[in-house]
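Data block below; observations after.
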Ligand code: CP
Ligand code: NVA
């Protein structure tokens, strides 16, 4: 190792150029233009889950294996972490055996503690605050359908619904890093933390992007290149189901709202989706929806992220195909 350790805990842990490098590598993986085995050995990557998952679990398991490594997938229910073993002790143990740690958990402080005590890269596979791997896949999907990675800066994206959740926060930060015009809309009481908005605005000033937070779904969607939404009830909020269903109806992505976006606008959803709630079937199963490419792109984007983190540490750009 010749470089300082890097982690991916939130979307602004990488800068504009680094995000582009990762997305360009993701595009190479997507198009089968590049073969890289940074974990050949195989070296193990621990993939930990404190919450359920289909896409993240499969894309990291398959992705680590495709990079020549061994994915050690551990659920909360089958680990001592789930019985209260300290995060720091878990980090100290895993770092002796694994080349990287990928973790889906609750508070952002937990992945930060893991990164503090681990002597290997730590990747946030979703916390209550951020979902940075999803954003890389979503932007890779935009690049796929909108003229490549270099075309991303300057695109307008709209996110509707629970604007205080992890996806909203990650679109704000990740979109700012990309130099996009990011607009998020949600009802009062479900708007993003002003601290995250301020961070996103500071980044957007440097990248040429912009940040708009509004309660008006029409303002957010007007002229957008891509419209995003997410569940109104995130993992861990199931007890709030009744109170969370009501405030969001004006933010449902339906044909009327989609008609305000650009005529060729894309629709994306991180999934799982609740048809008839945050999005109508006509939209998610319609011609503008690219959700299955988006899901596939989790694999390519995360392979690119993991390879990039290894290339950074080893100062070996040949791993990126450059
Ligand atoms: N989008 C996403 O992270 O899906 P899973 O919860 O299935 O991993
Ligand atoms: N906001 C959702 C995203 C799921 C991928 C959740 O946290 O449950």
**Message:** When the residues of segment 44-65 are narrowed to those that are buried (at least 17 other Cβ atoms within 10 Å of the Cβ) and more than 15 Å from residue 104 (Cα to Cα), which ends up farthest from ligand 1 (Cβ to nearest atom)?
**Reply:** 44
**Prompt:** Can you name the helices (runs of 4 or more DSSP H) wholly within segment 233-322 that have at least 3 residues being touching a helix residue (DSSP H, G or I) at 6+ places or on another chain (Cβ under 8 Å)?
**Reply:** 255-258, 281-284, 291-314
**Asked** in contact (Cβ under 8 Å) with a residue 24 or more places away in the chain, within 16 Å of ligand 2 (Cβ to nearest atom), part of a strand (DSSP E or B) and not assigned by the TED database to the domain that holds residue 49 - does that describe any residue in segment 221-231?
**Response** yes
**Extreme residue, nearest to residue 77 (Cα to Cα), among residues of segment 14-43 that are in contact with a helix residue (DSSP H, G or I) (Cβ under 6 Å, 6 or more places away or on another chain) and not in a helix (DSSP H, G or I)** = 38
**Prompt:** Which one of 124, 119 is touching a residue at least 60 places away in the same chain (Cβ under 8 Å), outside the structural domain of residue 201 (by the TED database) and away from ligand 1 (no atom under 16 Å from the Cβ)?
**Reply:** 119
**Request:** Just give me the residues in segment 24-57 being within 16 Å of ligand 2 (Cβ to nearest atom) and without any contact (Cβ under 8 Å) to a residue 24 or more places away in the chain, in sequence order.
**Result:** 57
**Request:** Of all residues in segment 201-250, count the ones that are under 22 Å from the mean Cα position of the chain (by Cα), over 30 Å from residue 18 (Cα atoms) and exposed (fewer than 14 other Cβ atoms within 10 Å of the Cβ).
**Result:** 2
**Asked** Hey, any hits in segment 168-181 for a residue that's in contact (Cβ under 8 Å) with a residue 40 or more places away in the chain, assigned to a loop (DSSP other than H, G, I, E, B) and in contact with a strand residue (DSSP E or B) (Cβ under 7 Å, 6 or more places away or on another chain)?
**Response** no
**Request:** Within segment 109-138, track down each residue that is under 23 Å from residue 230 (Cβ atoms) and touching a strand residue (DSSP E or B) at 6+ places or on another chain (Cβ under 8 Å).
**Result:** 110, 111, 123, 124, 125, 126, 127, 130, 131, 132, 133, 138
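The values are calculated or read from the model by the stated rules, or taken from the named source; none is laboratory data. Quick caveat, the model's predicted, so the values are computed rather than measured. Virtual Cβ from ideal backbone geometry, glycine too; neighbours counted across all protein chains shown.
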